[in-house]
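The structure appears right after this line, and notes come after that.
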């Protein structure tokens with residue numbers, strides 16, 4: 001695109017006073033900010049692989065909801081696997097399937113139909129509720145992301161390490177807000193300058209603490225009440241992500257942003273899915289990657305993610321990997 005509009009120049013057409021990016025990538029666009037990923041940005045990111053080390057960024061599908069008490073979420077739960085066996089004179093065979101497989105029940109991408117905008121009565125780029133189905137022609141589904149294939153420069157923003165040094169009272173399980181200026185300060189301390197098409201990997205420390213918790217009661221306490229520290233969902237974050245042309249944001253906590261919103265806060269990062277076309281991910285596991293980054297001082301990697309190719313899907317496990 002010849003000229004990409006600055007955040008301050010986006011239209012604000014309704015009573016919310018919030019910007020709307022619909023039409024920036026064309027009236028029929030179904031990818032939003034993922035459009036910042038180009039063949040050029042992928043080629044550049046691939047050159048970051050020096051050692052051939054790979055890092056899995058997905059939690060097991062049974063975490064966290066298979067390790068906490070029922071109704072930690074109003075409807076999501078861990079999948080129930082079923083194993084089929086067969087045997088003949090020559091072979092042993094196995095097959096399996098999952099019941100109650102919630103596509104956003106573990107590490108996940110929130111697709112562009114996860115949240116719509118009530119004031120506009122539509123999802124990203126004007127998609128109407130009746131256009132969101134699992135049928136042929138469904139709009140903005142996770143299948144569009146699967147076909148696009150997410151690959152590019154991943155930038156680990158180790159907020160947990162940064163804030164433990166600069167904000168002694170920070171707690172991943174709490175009500176702390178991490179404003180965009182703290183993300184910028186962490187990046188500066190790590191020596192990373194953002195580029196168009198980057199995928200931000202925000203480590204808040206929540207997964208670290210969940211995995212370290214021992215026993216059902218301790219793990220359940222990490223989920224209840226539904227209160228989590230996270231980045232600001234306000235316009236400071238919207239503007240930071242938009243003006244830096246970030247393709248996607250994934251975090252290791254439950255909602256990316258602080259949840260629930262602070263009193264008096266009128267917007268959220270999740271609303272930006274609808275109004276701005278942001279792709280956000282939750283409950284990624286950055287622990288091994290973070291240790292490696294702290295060890296060699298290199299906080300960039302080649303990031304790949306291939307969501308499930310589910311027609312009209314609202315979200316998906318990321319199937320994500322970092323390579324260095």
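The values are calculated or read from the model by the stated rules, or taken from the named source; none is laboratory data. Since this is a predicted model, take the numbers as computed values, not measurements. Cβ atoms come from the backbone with ideal geometry, glycine included; neighbour counts cover every protein chain shown.
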Q. Do we find a residue being without any contact (Cβ under 8 Å) to a residue 24 or more places away in the chain and in contact with a strand residue (DSSP E or B) (Cβ under 7 Å, 6 or more places away or on another chain) anywhere in region 62-72?
A. no
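Quick one: in region 71-99, which of the residues that are assigned to a loop (DSSP other than H, G, I, E, B) and over 27 Å from residue 287 (Cβ atoms) is farthest from the chain's Cα centre (by Cα)? Steps first, please.
We begin by selecting, within region 71-99, every residue assigned to a loop (DSSP other than H, G, I, E, B); these are 71-79, 88-91.
Then keep just the ones that are over 27 Å from residue 287 (Cβ atoms); that gives 71, 74-75, 88-91.
Numbers: 71: 23, 74: 20, 75: 20, 88: 45, 89: 47, 90: 45, 91: 42 Å.
By that ranking, first place goes to 89.
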**Q.** Candidates 185, 212, 218 - the one that is more than 27 Å from residue 48 (Cα to Cα), surrounded by 14 or more Cβ atoms within 10 Å (Cβ to Cβ) and without any contact (Cβ under 8 Å) to a residue 24 or more places away in the chain
**A.** 218
Q) Of all residues in region 43-78, which are within 21 Å of residue 109 (Cα to Cα), surrounded by fewer than 18 Cβ atoms within 10 Å (Cβ to Cβ), touching a helix residue (DSSP H, G or I) at 6+ places or on another chain (Cβ under 9 Å) and modelled with pLDDT of 95 or more? A) 56, 60
(Q) Just checking, does region 149-168 include any residue being part of a loop (DSSP other than H, G, I, E, B), at pLDDT 95 or above and out of contact with any strand residue (DSSP E or B) (no Cβ under 9 Å at 6 or more places or on another chain)? (A) no
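Determine whether region 262-285 contains at least one residue that is part of a loop (DSSP other than H, G, I, E, B), at pLDDT below 95, touching a helix residue (DSSP H, G or I) at 6+ places or on another chain (Cβ under 8 Å) and within 30 Å of residue 14 (Cα to Cα). Steps first, please.
Initial filter on region 262-285 (part of a loop (DSSP other than H, G, I, E, B)): 262-268, 277-278, 283-285.
Those left that are additionally at pLDDT below 95: 262-267.
Then drop every residue that is not touching a helix residue (DSSP H, G or I) at 6+ places or on another chain (Cβ under 8 Å), which leaves 267.
Subsequent filtering for residues that are within 30 Å of residue 14 (Cα to Cα) retains 267.
So far as region 262-285 goes, yes, one or more of its residues are part of a loop (DSSP other than H, G, I, E, B), at pLDDT below 95, touching a helix residue (DSSP H, G or I) at 6+ places or on another chain (Cβ under 8 Å) and within 30 Å of residue 14 (Cα to Cα).
Per-residue answers, yes or no, for (1) surrounded by 15 or more Cβ atoms within 10 Å (Cβ to Cβ); (2) not in a helix (DSSP H, G or I):
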position	(1), (2)
175	no, yes
181	no, no
192	yes, yes
197	yes, yes
207	yes, no
249	yes, yes
Q. Restricting the search to region 11-34, which residues are without any contact (Cβ under 8 Å) to a residue 12 or more places away in the chain and either surrounded by 14 or more Cβ atoms within 10 Å (Cβ to Cβ) or at positive phi (or both)?
A. 17, 26
Q: Could you check residue 230 against (1) modelled with pLDDT of 95 or more; (2) closer than 30 Å to residue 77 by Cα; (3) touching a helix residue (DSSP H, G or I) at 6+ places or on another chain (Cβ under 6 Å) and say which number it fails?
A: (3)
